[in-house]
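Everything below concerns the one structure shown next.
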Amino acid sequence: MDDNNDGSKSSWKLWLAGILLVPIIGFILYTWFTLTWSFSKGERAGYIQKLSKSGWICKTWEGEMAMVTMPGAIPEKFLFSIRDDEVARRINQFAGKRVLIVYEQHKGVPTSCFADTEYFVVDAKAIE
């Protein structure tokens with residue numbers, strides 16, 4: 001009778017492990033997918049107004065760019081995140097100049113630990 005009881009305890013532990021591991025593995029795979037697959041890619045031009053590294057645990061660069069369509073028009077703000085320190089350094093060098101940023105849009109990232117926005121800047125160039 002004890003042998004049967006040990007078998008049921010063992011299968012109960014496997015079920016419990018499965019119940020706990022499946023959601024964790026699913027969350028990890030979903031997060032990886034949202035961070036590696038981009039919904040859209042594009043470019044925007046404007047003037048960088050703000051760029052700062054922020055976050056309690058996961059530090060990311062968060063920025064704001066003013067896009068002016070016509071002189072005298074109210075600028076539209078484009079909020080973005082940067083995960084690469086080298087790209088952030090390059091954007092900081094372009095302070096006061098018109099900048100073209102290349103971005104990827106990542107929808108559905110499950111936490112703001114990876115970025116505050118869904119727009120991840122991957123490159124930047126000064127516009128002459």
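Read the figures in this text as sums done on the coordinates, not as results from a lab. Since we're looking at a predicted model, the values are computed, not measured. No Cβ is skipped: glycine too gets one built from the backbone with ideal geometry, and neighbour counts run over all protein chains shown.
In table form, for the structure just shown:
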quantity	calculated
Likely footprinting exposure, Asp85, Asp123, fewest C-beta neighbours within 10 Å first	Asp85, Asp123
Rounded D (µm²/s) - the stretch 1-89, Kirkwood Rh over Cα pairs, Stokes-Einstein at 4 °C, 1.567 mPa s	72
Packing-based order for 49-57, 72-80, using average beta carbon neighbours within 10 Å, highest first	72-80, 49-57
Reachable lysines, given that their alpha-carbon falls under 29 Å from the alpha-carbon of Lys107 and they are not under 8 places away in the same chain	Lys41, Lys50, Lys53, Lys59, Lys77, Lys125
Inter-site label distance for Ser54 and Ile74 at 7 Å from Cα along Cβ, in nm	2.2
Sorted by Cβ neighbour density within 10 Å, fewest at the top, the residues Glu128, Glu118, Glu43	Glu128, Glu43, Glu118
Modelled FRET efficiency - R0 30 Å, Lys9 with Trp32, Cβ distances, 0.05 increments	0.30
Bridge type composition, the chain - antiparallel percent by DSSP, nearest 5	95
Sorted by Cβ density within 10 Å, fewest first, the residues Met70, Met65	Met70, Met65
Computed P(r) (all Cα pairs; the stretch 39-126; 5 Å bins; percent)	3, 15, 26, 26, 17, 9, 3, 1, 0
Extended-chain gain in nm, criterion 0.36 nm per residue less alpha-carbon gap, Val22 and Lys41	3.6 nm
